Amino acid sequence: MSNFFGLIINGLSLGAIYALIALGFVMIFKATHVLNFAHGSVLLLGAFVVGTTHDEIGFWLALLFGILAAALAAVVIDVVIMRRVRAADLGTLAILTLGVDVLMLTELTRQMGTSTLTTGAPWGTDTVALAGATIPLSRVIAFLVTVVVVAVLWAVFKFTASGIAMRAAAADGGTADLMGISLNRVAATAWGLPGHWRRWPGSS
């Protein structure tokens with residue numbers, strides 16, 4: 001029975017990690033109608049920053065830098081590339097993000113070489129006992145972070161002006177633009193916001 005509960009808890013925690021990644025992907029698509037195949041490379045950039053800086057500046061500051069690096073990279077992709085071809089068809093936009101993904105992944109792989117990077121998380125390989133099963137603490141933290149992020153995003157989209165603007169742009173971008181909502185600002189927010197949560201170390 002303990003093995004059964006262990007599989008369920010591990011499955012839920014791993015599913016929470018994938019949910020965070022998928023949530024960022026869906027937010028970008030709903031707000032901008034872009035299939036962002038560079039999503040994984042942006043995530044890898046955040047992990048790379050954490051992995052290469054935590055020894056010198058400490059885990060929490062490295063985590064902050066990793067989050068900012070991922071969010072900044074996503075916004076740069078939108079402003080420098082996607083904004084210039086916003087009217088292109090869905091296939092063209094998807095191919096552009098594939099190109100960005102290849103460039104980023106190639107350079108990050110070259111930078112890492114054969115090195116094995118760790119995030120330096122303070123909980124390391126610690127485990128907790130739940131329902132008789134042993135679960136990595138990082139998985140538990142990732143699950144809790146997912147719950148908090150989803151709750152915060154629900155509140156943002158429901159009650160804030162920025163959230164309502166993103167919902168309006170997703171529902172009907174043309175009408176939202178006519179009503180004074182800046183689609184460029186919505187797009188930049190949609191691209192940058194997922195980078196603020198998807199780099200949580202439990203998600204690697």
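Bear in mind these aren't lab numbers, they're just calculated from the coordinates by the rules spelled out. These figures come from a predicted structure and were not determined experimentally. Using ideal geometry, Cβ is built from the backbone for each residue, glycine included, and neighbour counts are taken over all protein chains shown.
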**Asked** How big is the charge dipole of the chain about its Cα centre, in debye rounded to the nearest 20, if each Lys and Arg gets +1 on its Cβ and each Asp and Glu gets -1 on its Cβ?
**Response** 340 debye
**Asked** Taking the structure as given and computing Rg/Rh (Cα atoms, Kirkwood Rh), which label from (1) 1.12; (2) 0.95; (3) 1.01 fits?
**Response** (3)
**Table column - 3J(HN,Hα) (Hz), the stretch 177-187, Karplus curve with 6.51, -1.76, 1.60, x for Gly and Pro** = 5, 5, 7, x, 7, 6, 5, 5, 5, 4, 5
**Message:** Going by average Cβ density within 10 Å per residue, which order do the peptides 56-65, 120-129 take, highest to lowest?
**Reply:** 56-65, 120-129
**Fill in**
Karplus ³J(HN,Hα) for the stretch 32-41 (6.51 cos²θ - 1.76 cosθ + 1.60, θ = phi - 60°; Hz, whole; x = Gly/Pro) runs 10, 6, 10, 7, 8, 6, 8, 4, x, 6
**Request:** Counting other beta carbons within 10 Å of each Cβ, put Ser41, Ser13 in order, fewest first.
**Result:** Ser13, Ser41
**Asked** Arranged from highest to lowest average of other beta-carbon atoms within 10 Å per residue, in what order do the peptides 111-117, 148-154, 182-188 appear?
**Response** 182-188, 148-154, 111-117
**Prompt:** Sorting Lys30, Lys158 on the 10 Å Cβ count, fewest up front, what's the list?
**Reply:** Lys158, Lys30
